[in-house]
1. Compute the Kirkwood hydrodynamic radius of segment 594-690, taking the inverse of the mean of 1/r over all pairs of distinct Cα atoms, and give it in Å to one decimal.
2. If R0 is 25 Å, what FRET efficiency do you get for residue 75 and residue 124 from their C-beta distance, rounded to 0.05?
3. Over segment 134-225, what lengths in whole Å, largest first, do the semi-axes of the equivalent ellipsoid take, defined as the square roots of 5 times the eigenvalues of the alpha-carbon gyration tensor?
4. Measure off 7 Å from each Cα along the Cα-to-Cβ vector at residue 186 and residue 569, then give the distance between these two points in nanometres to one decimal.
5. For residue 596, list long-range residues whose amide hydrogen, built 1.01 Å from N in the peptide plane, is under 5 Å from its own amide hydrogen.
6. Size of the dipole of segment 594-690 about the Cα centre, Lys and Arg at +1 and Asp and Glu at -1 on the beta carbon, nothing else charged, in debye to 20?
7. Taking N as the number of residues in segment 416-456, what is its Cα Rg relative to 2.2 N^0.38 Å?
8. Would you calculate a helix-derived [θ] at 222 nm for the chain, using -39,500 (n - 2.57) for each DSSP H run of n ≥ 4 and dividing by the full residue count, to the nearest 500?
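A short reminder: the numbers here are calculations on the coordinates, not readings from a lab. Please read all numbers here as calculations on a predicted model, not as lab measurements. Cβ placement follows ideal geometry from the backbone for every residue including glycine, while neighbour counts extend to all protein chains displayed.
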Amino acid sequence: MRALAVLALAAAILPAQQYRAFWADAFHAGFKSPAEVDQMVDDVASAHGNAIFVQVRRRADSYYLETKEVPAQDAAYSPGFDALRYLIERAHARGIEVHAWFVVYPVWPTTIAPPLNPRHIWHAHGPRASGPEMWMDVSSTGAIGGAFDPGHPGVQAYLADVITDPVGKYDLDGVHLDYVRYQELTASSSNGWNPVAVERFNRLEGRAGSPALRDPAWAEFRRRQVTQLVRQIYLRTIEMKPWVKVSAALISWGNGPLTDAAWASTDAYATVFQDWRSWVEEGILDIAMPMHYFDDRRNASFLDRWVEFAKDRQFRRRYLPGLGVYLNDIDDSVSQIRRALAPSAAGNTPAGVVFYSYASTNRLNAAGLPITPNSEFYRRVGEFFGAPAAPPVLDWKVRPSLGHIAGRLTVTGGPEWLNDGVTVDVSSDTGAAAARSGVTDGTGAFGFVDLPPDRYRLRLSRGGRVLFDATPRDVVAGRVTRFDVRLSPADFTGVLPRNVRFAGRVAAPGDIVTIEGENLAGGEAYAGSVPLPGVLGGVSVIVNGTQAPLYSVTPSRIVLVMPYQSAPRWTAIVRRDGMDSNPADLDWAAANPVILGVRRAAPNLLEIYATGLGAVEPPLAAGLGADPSVGLSRVAQPVTVEVNGNAVTVVYAGLSPYVPGRYQVNADVGEAAGGVVRLVVAGAVSNSVAF
């Protein structure tokens, strides 16, 4: 609170309001001893700077003492020195803000020896952990990386706790997020395939197996995970201290987009799943700080396009361009500052500038050191600015007109995923404000920012069924109103698929079978075309790890086609609205022939229509109908047709054209005027049918 008072006083005294900020990274000197901190504060002040974004978390370790993690493994740092607290004291005395910079998802590089401290989180949840305790990112090719996977609920809960914890313990001006994204790989690979994350995606989307590299739903799932963590951190931070600013260092690789439509093709959105444009629009960042790290000799136009795009998309928040001064000589950096601060064509200006970095202020030599002394940069920048300035006053922080809602759904007992993906609707109890809708994240957290003050009701639902209606509560400007909800598995009784069982006792590959149970679907739905869908009416059936094609779904009955698989036994679960049923088992058989009907196609030719004849050659994916134009698949096992107890000649035995799961057997019955026919396939005997 002292920081707020000091900076408000500075804003009242100093004529300009503009950020002149520095990133101070932990890979260089700057804050690892009292002497370094004192020097950094002097240097920033000499440049007329007014904010330091200090890297207090580098590799899931800390440069501050009141932490949930271990001290930084850094020979230049004394674990007994609270760099953050000392910096806050010295910087605030000079009117300089301090923002705690957290490297979010990266944990420990795979290229160096493991952390020495046995309490480091890497040892409990790193690549050597097994099952759900392994939190690390996994690539599409199966390689375990050095960062946590955003799709793992354990990761999200841990990081939200670690990052918001110092807000209550230090007089911070801001919380700054870095690497709040998926880690980039190559054009032919990506990250996010941690088994827990893949399992969540499949359950929420009704899928099975490993997501395809370019699957749009998989990309959107990963974007949602990062956004949900940012939202949770934002709301938890301002719930404790509404004046603390939340910012992020953001990706702006390559040339900047010219339109909103082009945003979807940027690396931020499409490669590392960091949809920061939507974060600013939603209001879950106070300050967006894209890292415009461009060598002005080669890519000056890249910077100009990005700053034009971002200046015009500040919505109700602010934009602070991050300049990569370490890539440029000082003259080019001054040019970049001037262009970054200039109004856009639409007349919009940024909140100031931030430099990367305090320790590397201009082009580096072969040893990685600035060619020109840093002191010269501080002097030149100070001359450019001409006089000190106060950090901008952010109206929504000091004169708020909107409020916020945050909450968490906890389900006591039952599977952990019951709190994941639940629909949350908030609406005005007076009818004055617009309704909002969202979903819980993997930890059960949810939230809504920038709501008009009013009395709000909150409803939780799943699969169209209401789970809980909260007592209406008031939302007050500048504050977070909590709606924490505790439910039990019994509250999901009307929507959770249960008592699932197969109608028969045995099934063959490619068989058409029926599943019975309760709450299998929210209504009736029927497949309208071939190939049969894997998701129908929001319902899927996973059989031996494979999504089965569906003919129809109703609340009590599902008709599906079994996959063409060999297995000791069939096991199926019904998956709907992000929930899984109990498993249902069924005996596997190579064949389970059932005659559906017969037709006399010619005097001597009998057509027999059946199910359950098993595998076919060439193989065909279940759910497809055989296409005569490309050749029909034949039953892989010998098929015998018996008429009146005697075997007759089989002319064709294979899939029936166009109809998934249905077989056709053509038999030469000679001059038989009629009789009884049955099939024998792999030792299994069908029912008998008269013709």
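1. 13.4
2. The value I calculate is 0.55.
3. Each semi-axis is √(5λ); the values are 28, 14, 12 Å.
4. Distance between the two pseudo-spin positions: 4.3 nm.
5. 609, 610, 611
6. My answer is approximately 160 debye.
7. 1.32
8. -6500 deg cm²/dmol
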